[in-house]
Amino acid sequence: MENKKDKMVAGLLGIFLGSLGIHKFYLGYTKEAVIMLLVSLLTCGIGAPIMEIVGLVEGIMYLTKSDEEFQETYVINQKTWF
């Protein structure tokens, strides 16, 4: 059975909590999510704006794709970055 993810949830998580990598945890990309979280935390917040931009861009990308394209690209094919 296919593991369906909601693009709206992933997109909003990316936009609002992108610096913490929460959208990547939601999509099952644990390694990438931990990288984003550690960059934000271990740089004492200096890296957080960069990770927020990444999350914002990814969130917008998720929301602009069709449901089928989102599922194919990010759930089935597991495209982890952009």
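The values are calculated or read from the model by the stated rules, or taken from the named source; none is laboratory data. As the structure is a prediction and not an experimental result, all values here were calculated from the model. Glycine gets a Cβ as well: all are built from the backbone with ideal geometry, and neighbour counts include every protein chain shown.
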Q) Tally time: how many residues in the range 37-59 are closer than 13 Å to TRP81 by Cα and out of contact with any His (no Cβ under 9 Å at 6 or more places or on another chain)? A) 5
Q) Inside the range 18-59, can you point out the residues that are surrounded by fewer than 17 Cβ atoms within 10 Å (Cβ to Cβ) and of a type in the set (A, V, I, L, M)? A) VAL34, ILE35, LEU38, LEU41, LEU42, ILE46, ILE50, ILE53, LEU56, VAL57
Q. Would the range 29-49 turn up any residue that is within 15 Å of LYS7 (Cβ to Cβ), touching a helix residue (DSSP H, G or I) at 6+ places or on another chain (Cβ under 6 Å) and not hydrophobic (A, V, I, L, M, F, W, C)?
A. no
Q: Could you please tell me which pairs satisfy a Cβ distance under 8 Å, a separation of 6+ or placement on different chains, a first residue in the range 33-51 that is touching a residue at least 24 places away in the same chain (Cβ under 8 Å), and a second residue that is acidic (Asp, Glu)?
A: none
(Q) For the range 60-82, check the following and say yes or no: at least one residue is surrounded by 14 or more Cβ atoms within 10 Å (Cβ to Cβ), at pLDDT 95 or above and among the small types (Gly, Ala, Ser). (A) no
Q) Is it true that THR73 is in a loop (DSSP other than H, G, I, E, B) and of a type in the set (S, T, N, Q)? A) no
